[in-house]
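Notes to accompany the following structure.
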Amino acid sequence: MKIAFVVYNNMTLLDFAGVYDPLTRLKTMGFCPDLTYAVCARTDQVRSSEGVVLVPDRVMTDLSCFDLVIIPGGDGIKELMQDRVFLAWITVASERTTVAALCGGSLLLGAAGLLRTRKATTHPALMDILARFTQDVSGDRIVDAGPVITAGGVTAGIDLGLYLCEKIAGSTVREKIQMQMDYRHYSPA
């Protein structure tokens, strides 16, 4: 299993970290020793909207070589929704790749044309914008539409990470990771 965490300027740090933490525990806690992951960006350095600077592992790498691509939300989506190069980059052309996004990252998937025929969710404040990209807007915390998974607002990132852990390694592993994180609020629905 290969996971790509996409980062960009003005993303919300918790959108990234909320998913990153539980998924990387699959490897660090010994459940999936063959798991690999990379932080991917279009630039050599990214600054979150909170001012944290991240240095990606890979720049403009081909995302189709990953099994799972995760896209956070944040204020940076405003520009990226108009950026054809970025949208083409995240439109992974591989039958084996699942793309997951949360919060405003769901709007990036919509702008890339990945939600036209799929049910999706996002942050409650962004539902009207999401409706421009899909006719099936959901208030659920996580929506699994096959090769595209979307999640609600910021803290839904933790739930998304745990949900993906369960998809990858089963409910027992997800429960162990959840317990190690001391996160009692998991709610995939």
In the set GLY110, GLY152, which member is crowded, with 21+ Cβ neighbours inside 10 Å, over 29 Å from MET181 (Cα atoms), modelled with pLDDT of 95 or more and not hydroxyl-bearing (Ser, Thr, Tyr)?
-> GLY110
Mind counting the residues in region 1-48 that are touching a Leu at 6+ places or on another chain (Cβ under 8 Å), more than 16 Å from VAL99 (Cα to Cα) and hydrophobic (A, V, I, L, M, F, W, C)?
-> 4
Within the set of pairs 6 or more residues apart or between chains, which connect a residue that is without any contact (Cβ under 8 Å) to a residue 40 or more places away in the chain inside region 140-158 to a residue that is outside any helix (DSSP H, G or I) and of a type outside the set (Val, Ile, Thr) with Cβ atoms less than 7 Å apart?
-> VAL143/LYS119; VAL143/ALA120; ALA145/ARG118; ALA145/LYS119; ALA145/ALA120
Given the conditions (1) over 12 Å from the mean Cα position of the chain (by Cα); (2) of a type in the set (Val, Ile, Thr); (3) outside any helix (DSSP H, G or I), report the number of the one that VAL99 does not fulfil.
-> (1)
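Can you tell me which residue in region 113-149 is surrounded by the fewest Cβ atoms within 10 Å (Cβ to Cβ), limited to those that are among the hydrophobic types (A, V, I, L, M, F, W, C) and part of a strand (DSSP E or B)? It would help to see each step written out before you state the result.
The first filter runs over region 113-149 and keeps only residues among the hydrophobic types (A, V, I, L, M, F, W, C), leaving 114-115, 120, 125-127, 129-131, 133, 137, 142-143, 145, 148-149.
Right, trim to part of a strand (DSSP E or B) and you get 120, 137, 142-143, 145, 148-149.
On the way: ALA120: 26, VAL137: 22, ILE142: 21, VAL143: 24, ALA145: 17, VAL148: 20, ILE149: 25.
Looking at residues that are among the hydrophobic types (A, V, I, L, M, F, W, C) and part of a strand (DSSP E or B), I get ALA145.
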Filtering region 106-118 down to residues that are within 16 Å of the chain's Cα centre (by Cα) and without any contact (Cβ under 8 Å) to a residue 40 or more places away in the chain yields LEU107, LEU108, GLY110, ALA111, ALA112, LEU114, LEU115
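The values are calculated or read from the model by the stated rules, or taken from the named source; none is laboratory data. Since the structure is predicted, the reported quantities are computational estimates derived from the model, not experimental observations. Glycine also receives a Cβ, built like all others from the backbone with ideal geometry; neighbour counts cover every protein chain displayed.
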